[in-house]
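The values are calculated or read from the model by the stated rules, or taken from the named source; none is laboratory data. Just so we're clear, the structure is a prediction, and the values are computed from it rather than from any experiment. Every residue, glycine as well, gets a Cβ built from its backbone with ideal geometry; the counts of neighbours run over all protein chains shown. We work out accessible area using only protein heavy atoms, side chains counted, and drop any ligands, DNA or RNA first. Shrake-Rupley method; radii C 1.70, N 1.55, O 1.52, S 1.80 Å.
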Amino acid sequence: MTRTILTKAGALAAISVLAVAACTEDTPPPENGGAELEAPVSDAAMPVTAEGDANPQMASASFDIPAIPSLPAIDTEALRSGIATLASDAFEGRAPATPGGQKTVAWLEQQFSDIGLEPALGDSYRQDVPLVEITADPRQSYLTINEDDGASRTLAYGAETVFWTKNVVENVTFDDSDMVFVGFGIVAPEYGWNDYEGIDAEGKTVVMLINDPGFYLEDEDMFNGKAMTYYGRWTYKFEEAARQGADAAIIVHQTAPASYGWGVVEGSWSGPQIDLQRPDAGNRADMEAWITEDVATELFASAGLDFAEQAASALTADFAPVPMTGLSASGKIANTISRSNSANVAAILPGSEMPDEYVLYMAHWDHIGRIADAEPDEDAIYNGAVDNATGTVGIVEIARSFAAAETAPERSLLFVAVTAEESGLLGSAYMADYPIVPLDAIVGGVNIDALLPTPPARDLVVIGYGASELEALLEAAGANRNMYLRPDANPQAGYFYRSDHISLAKKGVPMLYADSGIDLVEGGEDAGRVFSDDYTENHYHAPSDEYSPDWDLSGIVSTLEVLRDTGAYMAYSDIQPNWYEGNEFRALRDQMMAD
């Protein structure tokens with residue numbers, strides 16, 4: 001692969017141009033802490049595209065599109081009834097490990113049983129998911145930067161930094177950990193890239209940039225151009241720092257490459273942090289943190305470094321880690337810890353000819369529950385009708401359609417409603433770590449997350465467009481209904497890495513994340529933006545995300561039938577879709593299938 005090497009002047013220009021492209025409106029932080037708020041993919045900024053040239057160039061699939069039988073229509077009234085039920089006040093916002101969450105799990109079990117699906121876990125539909133809540137006390141915790149001359153600076157929690165630990169311990173401390181700038185904190189052999197090359201990070205505090213170099217360079221030969229790769233996600237950066245043995249890992253926040261402002265960071269990573277109870281609960285860095293760009297600039301200056309120049313130098317493959325001479329970090333975190341349990345709900349429709357191969361449909365059933373300290377006259381329940389009663393009931397109704405088909409699928413279908421998505425994709429992460437079926441037996445998967453109740457559209461939005469051959473199947477299914485594909489409008493925000501399918505993708509399983517379009521059959525894109533903008537601005541992660549009997553479900557039904565048929569192409573054939581060549585997950589899948 002051709003490498004792009006910039007001069008320092010060129011790299012500085014790239015940094016400068018994009019530094020002023022910061023978002024003007026922050027997404028509000030989640031109400032219950034956890035990972036940063038995963039805002040819905042907004043179509044409002046999408047350019048008007050003529051139908052004739054809507055589909056961008058797609059890589060060729062390695063197979064022909066197979067024939068599939070006609071399948072029973074999605075039952076609109078059953079869909080409506082299910083959404084109304086899950087989004088009702090009786091389910092109390094469907095938070096994990098609450099009475100409302102338990103009621104949701106029981107409802108799903110009953111639905112799968114009534115359809116005639118088999119339990120996926122022996123005689124049970126439940127995969128227990130053990131959770132732990134870790135809450136740092138800022139009054140007893142600190143991140144202090146020490147200088148060789150004896151001076152020190154304790155960063156202001158909230159205003160200048162937020163920090164936490166993934167290690168399930170009541171107290172964490174580290175002292176005088178040498179600081180080193182490691183560029184983007186990426187080790188990507190397929191790109192000839194190693195930001196840790198030449199340094200032993202064991203016992204050090206690593207400081208790094210958010211996103212990946214492609215965001216700045218907009219060169220398709222450099223990672224994935226402006227579209228974020230997994231290497232650009234904060235999750236990857238903290239994972240890699242742990243693999244390198246760092247004491248602490250610090251990401252410098254910049255609004256444009258992060259795609260959200262400091263308010264989102266401050267709100268999302270303060271307060272209770274929910275995670276899985278893991279057997280390896282002590283293998284992360286002692287502290288994971290964000291600092292503001294202003295703080296970073298000042299710290300670099302204290303080390304005799306210019307932050308902008310160092311960030312520019314990190315845009316080349318020959319970057320070498322830079323010791324922040326004279327600076328060390330000390331930290332302490334005092335935690336309170338509580339444990340609870342939730343469950344993924346999983347069912348199987350056995351295949352007639354290849355029952356040990358599976359097509360996966362998944363959606364998260366959880367939302368964010370109740371406002372604990374609501375006023376007496378305040379709406380205290382986050383009902384989560386769009387997010388994600390629509391997707392949860394959607395996979396139930398797709399299952400009902402397949403189960404009623406005259407011709408049984410040749411491969412098995414696996415339906416999984418996962419928990420704790422709103423807390424950081426935890427249910428799907430647990431499923432990926434403890435697979436319900438072997439991961440190499442999953443031919444491909446479809447994730448459904450938050451479908452807006454719009455009239456039918458001419459298009460389907462593909463989040464992370466250009467990732468896998470599943471898009472060829474989606475394109476064929478859409479074409480049967482005169483629908484075309486369009487990429488999400490903001491690939492640099494990395495929305496592909498912010499929903500449950502990524503937990504399986506990180507293991508190598510080909511996954512698809514698609515959403516209803518904006519180009520409405522009646523009213524076009526202007527009408528579609530009205531729905532999208534209204535939901536994003538007024539109802540997303542708000543108590544007003546409620547079901548209404550006035551909802552027009554025809555657009556959701558159309559989308560669900562396209563997604564059902566996308567899976568049907570796999571269920572009624574022996575094709576083996578893969579990630580496209582060059583995708584960061586391709587090598588994982590190839591190795592998985594070769595073993």
Candidate set: region 545-595, residues that are of a type outside the set (Asp, Glu) and open to solvent by 60 Å² or more (accessible area, probe 1.4 Å); chosen: the one farthest from Phe223 (Cα to Cα) = Pro549
Select from region 232-271 the residues that are open to solvent by less than 20 Å² (accessible area, probe 1.4 Å) and among the charged types (D, E, K, R) and list them in ascending order.
-> Arg233, Lys237, Glu240
Positions within region 408-429 being among the small types (Gly, Ala, Ser) and under 17 Å from Leu108 (Cβ atoms), in sequence order = Ala417, Ala420, Gly427, Ser428
Condition test on Ile134, is it open to solvent by less than 40 Å² (accessible area, probe 1.4 Å), at pLDDT below 95, more than 30 Å from Ala489 (Cα to Cα) and not in a loop (DSSP other than H, G, I, E, B)?
-> yes
Residue satisfying condition, being touching a residue at least 24 places away in the same chain (Cβ under 8 Å), in contact with a helix residue (DSSP H, G or I) (Cβ under 7 Å, 6 or more places away or on another chain) and among the aliphatic types (A, V, I, L, M), within set Ala334, Ala346, Ala320 | Ala334
Filtering region 191-231 down to residues that are buried (at least 17 other Cβ atoms within 10 Å of the Cβ), within 18 Å of Tyr495 (Cα to Cα) and charged (D, E, K, R) yields Asp212, Lys226
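So that you can scan it fast, the table gives a plain yes or no per residue for (1) part of a loop (DSSP other than H, G, I, E, B); (2) surrounded by 20 or more Cβ atoms within 10 Å (Cβ to Cβ):
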| site | (1), (2) |
| --- | --- |
| Gly351 | yes, no |
| Pro376 | yes, no |
| Asn383 | yes, yes |
| Phe402 | no, yes |
| Ala405 | yes, no |
| Ala408 | yes, no |
If we keep just the residues of region 168-179 that are in a loop (DSSP other than H, G, I, E, B) and not acidic (Asp, Glu), which is most open to solvent (accessible area, probe 1.4 Å)?
-> Val169
If you scan region 144-155, which residues turn out to be assigned to a loop (DSSP other than H, G, I, E, B) and either open to solvent by less than 10 Å² (accessible area, probe 1.4 Å) or closer than 26 Å to Glu309 by Cα (or both)?
-> Asp148, Asp149, Ala151, Leu155
Residues that are closer than 19 Å to Val187 by Cβ and either among the polar types (S, T, N, Q) or touching a Lys or Arg at 6+ places or on another chain (Cβ under 8 Å) (or both), drawn from region 201-221 = Thr205, Met208, Ile210, Asn211, Gly214, Phe215, Asp221
Residues of region 286-306 being open to solvent by 10 Å² or more (accessible area, probe 1.4 Å), within 19 Å of Gly261 (Cα to Cα), assigned to a helix (DSSP H, G or I) and touching a Phe, Trp or Tyr at 6+ places or on another chain (Cβ under 9 Å), in sequence order, are Glu293, Thr297
Would you point out the residue of region 422-440, among those that are in contact with a Pro (Cβ under 9 Å, 6 or more places away or on another chain) and under 16 Å from Met362 (Cα atoms), that is most open to solvent (accessible area, probe 1.4 Å)?
-> Tyr430
Would you be able to say whether some residue in region 173-183 is over 30 Å from the mean Cα position of the chain (by Cα), aliphatic (A, V, I, L, M) and more than 27 Å from Ser338 (Cα to Cα)?
-> no
